[in-house]
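To start, the structure itself, in structure tokens.
The values are calculated or read from the model by the stated rules, or taken from the named source; none is laboratory data. Keep in mind that what you see is a predicted model, and the values were worked out from it rather than measured. Cβ placement follows ideal geometry from the backbone for every residue including glycine, while neighbour counts extend to all protein chains displayed. With ligands, DNA and RNA removed, areas are computed over all heavy atoms of the protein, side chains included. Shrake-Rupley method; radii C 1.70, N 1.55, O 1.52, S 1.80 Å.
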Amino acid sequence: MNFGIAYGQGAFGLAENLNISRGEAKEIIDNYFEQFPGIATYKEQSIAMAKEKGYAETLLGRRRYLPDINSRNFTVRGAAERNAINAPIQGSAADIIKLAMINLHRIFQKENFQSKMLLQVHDELVFDAHKSELETIIPIIRKEMETAHEIAVPLVVDINNGNNWLEAH
């Protein structure tokens, strides 16, 4: 529901998704923006900046060009507007985790750890960690992920382990 409302889902769509009346859905949306007014401001500013520049930008300066941001077609323009809202958030998160991955790779090589970073899944990193190294690498992983790039909101990392990815969750 949060993502739907933040990215422009209206009362009709929310009512359909939650199987409630449009009136109830409109009330939820109104209350949402009343409780979180900064989201509406962020959306408006993101769209306005993309319309002016023709692109959205991550915190680290990577650009997502949006050629349809000023389209006369409502549907096409709406998709570009949603991208203008989403790209700085998701793109910045991707940039930050990539920095953490680079830093962790360098540290693991330098320290000659047997443990290896295997893959990234959205905002998670999966490691093949040797049990004998867990106490050493966990604080390193946490520090590098939480400090890869400084932002106004602290990044908090949860770390779990198990015999496989499912078990670690």
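Considering each of Val121, Val76, Val157 in turn, give the residue that is closer than 24 Å to Phe3 by Cβ, loosely packed, with under 13 Cβ neighbours inside 10 Å and of a type outside the set (D, E, K, R).
After ruling out the rest, the residue left standing is Val121.
Among the numbered criteria (1) under 30 Å from Glu57 (Cα atoms); (2) in contact with an Asp or Glu (Cβ under 6 Å, 6 or more places away or on another chain); (3) among the hydroxyl-bearing types (Ser, Thr, Tyr), which single criterion is violated by Ser115?
The number of the failed condition is (1).
When you scan the range 24-31, do you find a residue that is of a type in the set (A, V, I, L, M, F, W, C), under 30 Å from Asp95 (Cα atoms) and open to solvent by less than 30 Å² (accessible area, probe 1.4 Å), even just one?
no
Working only within the range 1-23, note down all residues that are open to solvent by 60 Å² or more (accessible area, probe 1.4 Å), of a type in the set (S, T, N, Q) and under 19 Å from Gln90 (Cα atoms).
Asn2 - this is the single residue of the range 1-23 that is open to solvent by 60 Å² or more (accessible area, probe 1.4 Å), of a type in the set (S, T, N, Q) and under 19 Å from Gln90 (Cα atoms).
Quick check on Lys98: is it in contact with a strand residue (DSSP E or B) (Cβ under 9 Å, 6 or more places away or on another chain), without any contact (Cβ under 8 Å) to a residue 60 or more places away in the chain and assigned to a helix (DSSP H, G or I)?
Yes, satisfied.
Any chance you could count how many residues in the range 48-66 are open to solvent by 30 Å² or more (accessible area, probe 1.4 Å) and part of a helix (DSSP H, G or I)?
Counting residues in the range 48-66 that are open to solvent by 30 Å² or more (accessible area, probe 1.4 Å) and part of a helix (DSSP H, G or I) gives 5.
So if I check each of Ser115, Ser71, Ser92, Ser132, which one is surrounded by 12 or more Cβ atoms within 10 Å (Cβ to Cβ), among the small types (Gly, Ala, Ser) and farther than 30 Å from Gln9 by Cβ?
Within the list Ser115, Ser71, Ser92, Ser132, the selection yields Ser115.
Determine if the range 68-91 includes at least one residue that is without any contact (Cβ under 8 Å) to a residue 12 or more places away in the chain, of a type in the set (A, V, I, L, M), part of a helix (DSSP H, G or I) and within 24 Å of Glu150 (Cβ to Cβ).
yes
Do we find a residue being assigned to a loop (DSSP other than H, G, I, E, B), farther than 28 Å from Lys98 by Cβ, touching a helix residue (DSSP H, G or I) at 6+ places or on another chain (Cβ under 9 Å) and not aliphatic (A, V, I, L, M) anywhere in the range 24-41?
Taking every residue of the range 24-41 in turn, at least one turns out to be assigned to a loop (DSSP other than H, G, I, E, B), farther than 28 Å from Lys98 by Cβ, touching a helix residue (DSSP H, G or I) at 6+ places or on another chain (Cβ under 9 Å) and not aliphatic (A, V, I, L, M).
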